[in-house]
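Data block below; observations after.
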Amino acid sequence: MKKDILQALQTVSPIQLEEHMLERPANSKLGDFALPCFPFAKVLRKSPVTIAEEIAGSLTHPSIRKAKAVNGYVNIFLNRGEITDNLLHKILNQSAAYGSSNEGNSGVVTIDLSSPNIAKPFSMGHLRSTVIGNSISLLLEKNG
């Protein structure tokens with residue numbers, strides 16, 4: 001989602017944007033994402049407030065409900081209904097393959113699982129590391 005928003009911003013931004021420039025506001029009332037325009041002021045020779053207003057005024061994307069310029073920031077509010085619908089359709093279409101990737105490229109990972117002593121009974125302490133190790137194993141397998 002962040003990459004889609006960044007691409008939409010790039011179409012209206014006069015400066016090349018990078019992923020780390022897009023922030024999450026501390027307060028959710030300020031939006032889902034925020035782009036501070038202060039680093040652009042020196043290059044564009046405009047105030048950050050003006051830059052933010054220009055970007056917010058021309059930003060459009062199906063996943064963006066509204067963009068609002070506030071004190072040199074472009075606050076972006078997502079269209080959560082649209083995003084949810086797209087995600088649910090993607091999950092239904094991909095079924096069991098949803099979430100899979102080949103980022104791991106068949107690499108080798110060592111996972112620490114429980115190692116109970118055969119001379120002692122298996123206890124709840126062993127179960128915790130077994131469940132965690134199995135979960136990590138399943139996640140890694142899903143990622144190649």
*asked:* Can you confirm whether S58 is within 16 Å of N75 (Cβ to Cβ), loosely packed, with under 15 Cβ neighbours inside 10 Å and in contact (Cβ under 8 Å) with a residue 40 or more places away in the chain?
replied: yes
*asked:* With the requirement that a residue be in contact with a Phe, Trp or Tyr (Cβ under 7 Å, 6 or more places away or on another chain) and modelled with pLDDT under 90, what does the range 43-63 give you?
replied: none
*Would you check which residues across the range 77-103 are part of a strand (DSSP E or B) and either of a type outside the set (A, V, I, L, M, F, W, C) or out of contact with any Ser or Thr (no Cβ under 7 Å at 6 or more places or on another chain) (or both) and list them?*
F77
*When residues of the range 1-52 are filtered for being of a type in the set (F, W, Y) and open to solvent by 20 Å² or more (accessible area, probe 1.4 Å), how many remain?*
1
*Take the residues of the range 118-130 that are open to solvent by 80 Å² or more (accessible area, probe 1.4 Å) and not aromatic (F, W, Y): which is nearest to S100 (Cα to Cα)?*
R128
*asked:* I'd like to verify a number: residues in the range 131-144 that are assigned to a loop (DSSP other than H, G, I, E, B) and either in contact with a Pro (Cβ under 9 Å, 6 or more places away or on another chain) or open to solvent by 90 Å² or more (accessible area, probe 1.4 Å) (or both), how many?
replied: 0
*Does any residue in the range 19-39 that is over 13 Å from G72 (Cβ atoms) and assigned to a helix (DSSP H, G or I) come within less than 7 Å, Cβ to Cβ, of a residue that is open to solvent by less than 80 Å² (accessible area, probe 1.4 Å) and among the basic types (K, R) six or more places away or on a different chain, and which pairs are these?*
E19/K2
*Evaluate the range 30-51: report whether one residue or more is closer than 26 Å to N86 by Cα and out of contact with any Leu (no Cβ under 9 Å at 6 or more places or on another chain).*
yes
*Run down K90, K120, K142 and say which single residue is over 30 Å from E54 (Cα atoms), over 19 Å from the mean Cα position of the chain (by Cα) and basic (K, R).*
K120
*Subset tally (residues that are out of contact with any helix residue (DSSP H, G or I) (no Cβ under 8 Å at 6 or more places or on another chain), of a type in the set (A, V, I, L, M) and under 26 Å from L140 (Cα atoms)) for the range 111-128*: 2
*If you take the residues of the range 62-76 that are part of a loop (DSSP other than H, G, I, E, B) and at negative phi, which of them is least open to solvent (accessible area, probe 1.4 Å)?*
S63
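The values are calculated or read from the model by the stated rules, or taken from the named source; none is laboratory data. As the structure is a computational prediction, the values presented were derived from the model and not from experiment. Cβ coordinates were reconstructed from backbone atoms using ideal geometry, including for glycine residues, and neighbour counts include every protein chain displayed. When the accessible area is computed, the model is the full protein with side chains, heavy atoms only, and any ligands, DNA or RNA have been set aside. Shrake-Rupley method; radii C 1.70, N 1.55, O 1.52, S 1.80 Å.
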